[in-house]
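Heads up, the thing below is written out as C-alpha cells.
The values are calculated or read from the model by the stated rules, or taken from the named source; none is laboratory data. Values in this document were obtained by computation on a predicted structure and should not be read as measured data. Here Cβ is always computed from backbone atoms with ideal geometry, including for glycine, and neighbour counts include all displayed protein chains.
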Amino acid sequence: MSFVRQYLEETARIVEQLDQAAIERLAALLAQVREAGGRLFILGVGGGAAHASHAVNDFRKIAGMEAYAPTDNVSELTARTNDEGWATVFEAWLRTSRLGSRDAVLVFSVGGGDAARGVSPNLVRALDYARGVGARIGGIVGRDGGHTARLAEACVLVPVVNPEHVTPHTEAFQAVIWHLLVSHPLLKREATRWESLR
C-alpha cells in the first residue's frame, strides 16, 4: 500500500470513529456561552496557535461570537515569556482579560497538556486558572487528551488510528471540527462568502 493511500485510509477511519455526541456537546457549550454574553478564548501552541488564529476569525465572523487568541499578540506573548516565563503566559493573559464564569476557554492541543511530564505547562496553568474562576472549558485534542480532557466539560478526542501520525491527524481534525462547529445550526449566524454567491 502506498503511503498516500495508507494516510487517507487512516483519515477515513478517524471520521468513522469521531465521537459525534462530544462534538454536539461542544457546540451546545459554545452556543450557551455566546447567548450568555460570554467570550471565547482559544489556546494553542505550534499548530494549535495557528488554528487558534483562524478559528477566532471564524467564530467572530460566522458565529457572531466574541473570540480571542492570546497568541495573536506576539508582542505581549514574547514579553511575558521573556519576563515571567513560558509556563505563565496564557494564565497571565486570561487574568488581564478578566476571564470569568460567563466565558469559555477552548484548547487546540495534541496532548492536552501534562504537568507531570512538563508538556505544555502554559495550557495546564491556564486551564487550572479557568476552572478556578468558573469559566467553561472545551477542547479538541489527541492521544488521551491530557489535562484538557480531565478538566473539560466538552472535549473531542481525535481517535488514534496510527501512533506514528498522532500529531498530523490531530491537528488536521482540529480544523475539520472547528469548521463543523461554526457551520452548526446552533452557532452559525452568517453565510460564508462563496456559499452566499450561489
Filter the range 159-198 for residues that are among the small types (Gly, Ala, Ser) and more than 17 Å from Val107 (Cα to Cα); the one that is modelled with the lowest pLDDT is Ser196
Counting only helices (runs of 4 or more DSSP H) wholly inside the range 1-101, the ones holding at least 1 residues that are of a type in the set (Phe, Trp, Tyr), within 16 Å of Val176 (Cα to Cα) and under 13 Å from the mean Cα position of the chain (by Cα) are 47-61
Residues of the range 126-172 being among the polar types (S, T, N, Q) and buried (at least 23 other Cβ atoms within 10 Å of the Cβ), in sequence order, are Thr148, Thr170
Residues of the range 126-145 being at pLDDT 95 or above and not hydrophobic (A, V, I, L, M, F, W, C), in sequence order, are Asp128, Tyr129, Arg131, Gly132, Gly134, Arg136, Gly138, Gly139, Gly142
The residue that is farthest from the chain's Cα centre (by Cα), considering only those in the range 177-198 that are outside any loop (DSSP other than H, G, I, E, B) and touching a residue at least 24 places away in the same chain (Cβ under 8 Å), is Ser183
Is there a residue in the range 114-122 that is in a loop (DSSP other than H, G, I, E, B), free of Cβ contacts under 8 Å to residues at least 24 places away in the same chain, more than 30 Å from Glu16 (Cβ to Cβ) and not basic (Lys, Arg)? yes
Of the conditions (1) farther than 18 Å from Phe41 by Cβ; (2) in contact with a helix residue (DSSP H, G or I) (Cβ under 9 Å, 6 or more places away or on another chain), the single one that Ala79 does not satisfy is (2)
Residues of the range 19-49 being in contact (Cβ under 8 Å) with a residue 40 or more places away in the chain and surrounded by fewer than 17 Cβ atoms within 10 Å (Cβ to Cβ), in sequence order, are Asp19, Ala28, Gln32, Ala36, Gly37
Selection from the range 122-148 of residues within 17 Å of Ala49 (Cβ to Cβ) and either over 16 Å from the mean Cα position of the chain (by Cα) or of a type in the set (A, V, I, L, M) (or both) yields Leu123, Val124, Ala126, Leu127, Ile140, Val141
Given the conditions (1) under 26 Å from Ala36 (Cβ atoms); (2) polar (S, T, N, Q); (3) touching a Ser or Thr at 6+ places or on another chain (Cβ under 7 Å), every one holds for Ser97 apart from (3)
A careful count of residues in the range 62-94 that are touching a Ser or Thr at 6+ places or on another chain (Cβ under 9 Å), charged (D, E, K, R) and either closer than 21 Å to Arg189 by Cα or surrounded by fewer than 20 Cβ atoms within 10 Å (Cβ to Cβ) (or both) gives 2
